[in-house]
Amino acid sequence: MDLSSPLKPSNSNIFHRTHDLSFSSSISPFPIKTRFQNLKSRKPISPSLKISSALDSRDTQELPQNSPQRLLKELSQRKKFISPNKRVPPKRFILKPPLDDAKLAQRFLNSPQLSLKQFPLLSSCLPSMKLNNADKTWIDEYLLEAKQALGYPLEPSENYGDDNPAKQFDTLLYLAFGHPHCERTNARHVRSGHSRLGFLGQYVLELALAEFFLQRYPRESPGPMRERVYALIGKRYLPKWVKAASLHNLIFQYDDMDKLIRKEREPPVKSVVWALFGAIYLCFGMPEVYRVLFEVFGMDPEDEECQPKLRRQLEDVDYVSAEFEGKKLSWQEVAAYKPPEDALFTHPRLFRACVPPGMHRFRGNIWDYDSRPQVMNTLGYPLRVNDRIPEITNARNIELGLGLQLAFLHPSKHKFEHPRFCFERLEYVGQKIQDLVMAERLLIKHIDAPGTWLQEKHRRILMNKFCGKYLREKHLHRFIIYSEEVQDSYEHNRRLRNPATTSVQQAIHGLSYTIYGKPDVRRLMFEVFDFEQTQPKAV
């Protein structure tokens, strides 16, 4: 038997199979309709393509009309050009030709942001263009309600003199309520002005409450204080205070705030509250911030919900200053406090709250003789102050040296026996004041930038790793006082050393703020440490 015979068909089989073949396309009376939706071509038709198609059509004409080869060739040659479904980008992302120098100069000269030379920070937070009719309509309808809820006189703020920053309060109050979720935010000057006020206001709130709690609780560490601050101005708690002040109807004019879910309720409230306190700080100062917080919003620092969680407390056997002994300061005492005429410091009570009286026991030790002169020489201390009598100058310089020693005193040295003999409280106030100083600097420097851009730039400049780096570049990390047990590990392990240098650098800012005030913090940040030397990535 031949095994290969089944694989070899006979000639008759081939003859019969060719007759069985048929093509429905050549017999069907219906015209052929083809749809090609996925064929896309991004190149235009060129003349060479037309020539080639003419040659191919000449070849297809030679084939019989009903042949399948002709049909397949015709289908391969047909191309349907479909324009790609491109989404048109929003208008704000479409690049516009830059303004010429004349138009750009005219735009800045006409801007209200350059109208106030006496108050550069306030001027930089004004809208980038004059308010239009839509803005004035909202002011006429709702501004009186906002001012009444906040406890301000109903007369227009334009009646104040030019030397009074409160003259711009109506404009800033209008911008404060222009949160990103309302219809008025479509206007660029409202959107940008609101975000800039909110950028400033968040740091104003944090500094105000940090100073308040440091003076109210002179023995407490910064950990519980941060919990108290969050329980008052955390975004999940702000809607409660806004409703207590009857401002919720101005934020949600068409919705019931209580029926909104959290992600729709909290962001607008947080944005408005931050911008509101930015406006109040610019026009009336820090005392008015305390009044609105505790009187209008009704915040209670003794409320059960504002108390920190229970933790093991270290026993504090050291004295506090006489003005803190046996009582808790109220917000009225903090807001109305004015230092005496011959005070040693710009913020004497805040200094006493951060530097315990017992620091005088360290006067004359090895660090005081060996390290303090080098540290003061690097930082440019003591500053020249015109005092009435030289004894005041000498006393201030002594306290400055003790404060510097406390700023370099690591918690590993004395914290477990004497909880307040470390840099923690100075670091807390220093962190908040350097945030506010940098925010003010960026607002004045970039008057046309929105708040979100400024926020990202602020974050990148004040990263903890940069703050510690600035201190180490001045070789001041060699003077940090560690305990003997951890001295070697901190000096040779950067994961331990770098956070410590960051804390010391912020504590120095806190000390300079309490002794010489905000101008000296600016001097340290931008002249001594040169905070803008490390240019961050483009935002």
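The values are calculated or read from the model by the stated rules, or taken from the named source; none is laboratory data. Just so it is clear, the model here is predicted, and its values are computed rather than measured. Virtual Cβ from ideal backbone geometry, glycine too; neighbours counted across all protein chains shown. Just so you know, the surface numbers come from the protein's heavy atoms only, side chains and all, with ligands and any DNA or RNA stripped out. Shrake-Rupley method; radii C 1.70, N 1.55, O 1.52, S 1.80 Å.
Brief remarks follow.
- Cα gyration tensor shape of region 292-352, rounded if a/c is under 1.5, else prolate or oblate by comparing a/b with b/c: oblate
- Fraction of accessible area attributable to carbon and sulfur, region 479-539 (%, probe 1.4 Å): 46 percent
- Residues 453, 241, 331, sorted by accessible area with the largest first, give 453, 331, 241 [1.4 Å probe; ligands and nucleic acids excluded].
- Sulfur and carbon atoms: percent of accessible area, region 236-379 [1.4 Å]: 49 percent
- For the peptides 160-172, 302-314, the ranking by mean Cβ contacts within 10 Å, running from highest to lowest, is 160-172, 302-314.
- Separation of region 352-417 and region 238-272, taken as the distance between their Cα centroids, equals 47 angstrom.
- Charge dipole of region 328-438 (Cα centre as origin; +1 on each Lys and Arg Cβ, -1 on each Asp and Glu Cβ, all else neutral): 200 debye, rounded to the nearest 20.
- Taking a ≥ b ≥ c as the square roots of the eigenvalues of the Cα gyration tensor, region 127-263 is prolate, since a/c reaches 1.5 or more and a/b is larger than b/c.
- Sorted on the mean count of surrounding Cβ atoms within 10 Å across their residues, most packed first, peptides 243-255, 365-377 read 243-255, 365-377.
- Rg ratio (alpha-carbon, reference 2.2 N^0.38 Å) - region 219-343: 1.28
- In this rough spin-label picture, where each label sits 7 Å from Cα along the Cβ direction, the residue 307-residue 523 distance is 4.5 nm.
- Å² per residue, accessible surface of region 354-451 at 1.4 Å: 42 Å²
- Cα shape, region 422-496, gyration tensor, a/c 1.5 rule: prolate
- Seen from every direction in turn and averaged, the convex hull around the alpha carbons of region 276-399 projects onto 11.9 nm².
- Ellipsoid semi-axes in whole angstrom, largest first, where each is sqrt(5λ) of the Cα gyration tensor of region 190-272: 27, 16, 10
- Rounded accessible area per residue of region 251-295, 1.4 Å, Å²: 43 Å²
- Magnitude of the charge dipole, region 257-318, Cβ model with Lys/Arg +1 and Asp/Glu -1, debye to 20: 540 debye
- Unit charges on C-beta of K, R, D, E only; dipole of region 368-427, Debye: 100 debye
- Rounded Å value of the spacing that divides the Cα centres of region 440-476 and region 101-128: 23 Å
- For the pair residue 144 and residue 388, label points projected 7 Å from Cα toward Cβ lie 4.9 nm apart.
- Peptides 63-73, 408-418 ordered by average Cβ neighbours within 10 Å, highest first: 408-418, 63-73
- Pairs spanning more than 25 Å between alpha-carbon atoms, out of 167/263; 263/465; 474/518; 415/474; 147/457; 309/465: 167/263; 263/465; 415/474; 147/457; 309/465.
- A 1.4 Å probe run over the protein chains yields, for region 120-203, 44 Å² of accessible area per residue, whole-number rounding.
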